[in-house]
Amino acid sequence: SAVISQKPSRDICQRGTSLTIQCQVDSQVTMMFWYRQQPGQSLTLIATANQGSEATYESGFVIDKFPISRPNLTFSTLTVSNMSPEDSSIYLCSVEGGVPQETQYFGPGTRLLVL
Amino acid sequence: GDSVTQMEGPVTLSEEAFLTINCTYTATGYPSLFWYVQYPGEGLQLLLKATKADDKGSNKGFEATYRKETTSFHLEKGSVQVSDSAVYFCALSASGGGADGLTFGKGTHLIIQP
């Protein structure tokens, strides 16, 4: 399976600021996904990021709040903008591929606390 | 829309006990079904998957069978170990693979006592 790394692994931020999370994959992948896991909750898909096109956002998530970049086939960033305490979550990126195929593999996550 | 429902936790068992974690789903079409596991302090890992009705996924002694008639994908293991203590997530992919985002259940925290 693909090896996925995320930076930072955790951060504590002040409300009103923004944080950019990086996701790096050790192989070229077409599809990258960003999820949020709020405390005590399940994972919720934020958006799908394909290289060379605009990200596709799920209902309840907007580009102004969660801008995403996908400059190449191994890298993506998610920015959490104008943060509030409600944004405190674990943010995970995932990619499709590897063995078995047609399966998503997840990065280690970024644990964000907003004060 | 699509949804996944799994039993609430925490589930506490003794070592060598039989494990069942229930998972049912609602989806249009023919989704693929997954179990992911999150060990303490680690990331989310694929445990097993099944892509069509009556398929059985298996890994590390865990099994789950895709039951279309009951829209279920229950996770089972015959004899659990302390090292199986983790959070288990049931998930589905409506596209049948990894091309779309996954829909997850809320997760079941499993605690195995020696």
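Select, from A:GLN51, A:GLN14, the only residue that is surrounded by 15 or more Cβ atoms within 10 Å (Cβ to Cβ), more than 30 Å from B:GLY9 (Cβ to Cβ) and away from chain B (no Cβ under 14 Å).
A:GLN51
Are there any strands (runs of 3 or more DSSP E) wholly within region B:24-114 with 3 or more residues that are away from chain A (no Cβ under 14 Å), over 15 Å from the mean Cα position of the chain (by Cα) and not acidic (Asp, Glu), and if so which? Give the steps one after another, and end with the answer.
Working: elements: B:32-38, B:44-50, B:56-59, B:62-65, B:75-77, B:86-93, B:108-113.
Filter on region B:24-114 gives B:108-113.
Check whether at least one residue in region B:65-88 is under 17 Å from A:TYR105 (Cα atoms), surrounded by 17 or more Cβ atoms within 10 Å (Cβ to Cβ) and not aliphatic (A, V, I, L, M), and report yes or no. Before you say what the answer is, go through the steps one by one.
Going through region B:65-88, the residues under 17 Å from A:TYR105 (Cα atoms) turn out to be B:87-88.
Imposing the further condition that a residue be surrounded by 17 or more Cβ atoms within 10 Å (Cβ to Cβ) reduces the set to B:87-88.
Filter once more, keeping what is not aliphatic (A, V, I, L, M): B:88.
Among the residues of region B:65-88, at least one is under 17 Å from A:TYR105 (Cα atoms), surrounded by 17 or more Cβ atoms within 10 Å (Cβ to Cβ) and not aliphatic (A, V, I, L, M), which makes the answer yes.
Coordinate-derived values only; no laboratory data. No experiment lies behind these values; they were computed from the predicted model shown. Virtual Cβ from ideal backbone geometry, glycine too; neighbours counted across all protein chains shown.
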